[in-house]
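Working notes, structure below.
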Amino acid sequence: MVQFLSNKIPSEQTNKTMQNDNQLLDAYSQTVTKVARESSDAVVQIKIEKKVAQRIRKPNRQKSPHGTGSGFIISSDGFIVTNSHVVKDAIKITVSLQDGRQLPAQLIGDDPATDIAVLQINAENLSIIHFGNSDQLQVGQLAIAIGNPFGFQYTVTAGVVSALGRTLRSQNGRLIDDVIQTDAALNPGNSGGPLMNSFGEVVGVNTAIISSAQGLCFAVASNLVEYIVGKLIIHGKVRRGLIGIAGQTVRFNSRVQQRFQLDVASGVQVQQIEVDATAYNSEVMIGDVIIGLNDHQVSSIDDLHKLLDENTIGKTIQLEVLRKGKTEKIKVIPAEIS
């Protein structure tokens, strides 16, 4: 039996439901438009010029190709946060404000390990936006991005926080922790722009997309960004330690884990040692498998990178290693990565 749609006039209950839906939609629109209105003046377009080596066949032709990205102003004295990969190898950086001003920018600091950089411009009457607490984010929460995709200035997209606690490989191979996944549409040129909550606070810095997918976009969490930005403004870099070795992650079989009563399923096997390194590492031997550092477990190179922070530089630390069928504790003194 075919059932046709009714031509009845909507009931009072139906009208009320539709009215409530419209109010919800309007509330969503009001939130997005308010954030865009109050924050867009602090979002900037970054234009860079990169020097390219001369071609052998045509030595007289040397190009300085342009690249673009996004950033946002965090202080009245002109500090701007963006991505490290946006300004990498730049010989000239120009910042465009929404009021039409175009200003030269100075690179204050750069941290490829977290893909964060800080610029500074000299200008007055700057709008700023503030960092929010990314630890308070929840999956499903509204996420708003402002940037300059493909050169289309001050483009606003909105979505939700899709997942929290992701990890992302940076351009220098280190792992970025606590990355936010969102479905707010991002494109090339959005890099370095802010990801904001419904209060107009920056909760992340838009960093990467998976080009073969839809709605898989990533931002570095604001709590990490705020820490990195502070270090870059004060020191121009983030200080990290190194112990002068090259290694690879190796997995243990169950027999090895049981024999040594290991809580980790893998460790870092030393493949190479820099004998003349500025770090003290003469107690390390090729073939050692590092499983601990100062009573912290080490199961991968990423763990080792994370533990070798600025607090370890120049200080004697203890490595726990597997060597010739037994566990040993040795000393190293990390140097600073130049």
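Quick notes on this structure:
- Filtering Val225, Val238 for residues that are of a type outside the set (Ser, Thr, Tyr), assigned to a loop (DSSP other than H, G, I, E, B) and surrounded by 18 or more Cβ atoms within 10 Å (Cβ to Cβ) leaves a single hit, Val238.
- Among the residues of segment 87-104, those that are assigned to a strand (DSSP E or B) and surrounded by fewer than 19 Cβ atoms within 10 Å (Cβ to Cβ) comprise Ile91, Lys92, Thr94, Ser96, Gln102, Leu103, Pro104.
- Cβ pairs under 7 Å, 6+ apart, first in segment 161-182 and within 13 Å of His305 (Cα to Cα), second of a type in the set (D, E, K, R): Ser170/Asp115; Leu175/Arg169; Leu175/Asp302; Ile176/Asp115
- For Ser64: the one exception among (1) outside any helix (DSSP H, G or I); (2) small (Gly, Ala, Ser); (3) over 30 Å from Gly173 (Cβ atoms); (4) modelled with pLDDT under 90: (3)
- Single unsatisfied condition, Lys306 versus (1) touching a residue at least 60 places away in the same chain (Cβ under 8 Å); (2) out of contact with any strand residue (DSSP E or B) (no Cβ under 9 Å at 6 or more places or on another chain): (2)
- Whichever residue in segment 147-160 is touching a residue at least 60 places away in the same chain (Cβ under 8 Å) and part of a loop (DSSP other than H, G, I, E, B) and, among such residues, is nearest to Thr82 (Cα to Cα): Asn148
- Residue match in segment 277-295 (condition: within 27 Å of the chain's Cα centre (by Cα) and free of Cβ contacts under 8 Å to residues at least 24 places away in the same chain): no
- Among the residues examined, Gly230 qualifies as out of contact with any strand residue (DSSP E or B) (no Cβ under 6 Å at 6 or more places or on another chain), outside any strand (DSSP E or B), in the same structural domain as Ile144 (by TED's automatic domain parsing) and not aromatic (Phe, Trp, Tyr).
- Test: residue in segment 309-317 that is assigned to a loop (DSSP other than H, G, I, E, B), under 30 Å from the mean Cα position of the chain (by Cα) and either within 12 Å of Gly244 (Cβ to Cβ) or without any contact (Cβ under 8 Å) to a residue 60 or more places away in the chain (or both): yes
- Thr167 β-branched (Val, Ile, Thr), surrounded by 22 or more Cβ atoms within 10 Å (Cβ to Cβ) and under 18 Å from Ser222 (Cα atoms): no
- From Asn148, Asn172, residue being over 21 Å from Val32 (Cβ atoms) and either surrounded by fewer than 18 Cβ atoms within 10 Å (Cβ to Cβ) or in the same structural domain as Ser191 (by TED's automatic domain parsing) (or both): Asn172
- Selection status of Glu283, among the acidic types (Asp, Glu) and in a strand (DSSP E or B): no
- Counted residues, segment 172-208 - those being within 12 Å of the chain's Cα centre (by Cα) and either in a strand (DSSP E or B) or more than 24 Å from Ser127 (Cβ to Cβ) (or both): 16
- Those residues of segment 251-265 which are surrounded by 14 or more Cβ atoms within 10 Å (Cβ to Cβ), within 32 Å of the chain's Cα centre (by Cα) and farther than 13 Å from Glu320 by Cα, in sequence order: Phe252
- Residue check for Leu24: modelled with pLDDT of 95 or more, out of contact with any Asp or Glu (no Cβ under 8 Å at 6 or more places or on another chain) and either of a type outside the set (Phe, Trp, Tyr) or outside any strand (DSSP E or B) (or both): no
- Test for Phe79: is it surrounded by 15 or more Cβ atoms within 10 Å (Cβ to Cβ), closer than 18 Å to Val205 by Cβ, touching a Gly at 6+ places or on another chain (Cβ under 8 Å) and of a type in the set (Phe, Trp, Tyr): no
- If you go through segment 164-198 and keep only what is farther than 19 Å from Ser211 by Cα and among the charged types (D, E, K, R), you end up with Arg174, Asp177, Asp178.
The values are calculated or read from the model by the stated rules, or taken from the named source; none is laboratory data. Quick caveat, the model's predicted, so the values are computed rather than measured. FYI the Cβ positions are ideal-geometry reconstructions off the backbone, even for glycines, and counts take in every protein chain you see.
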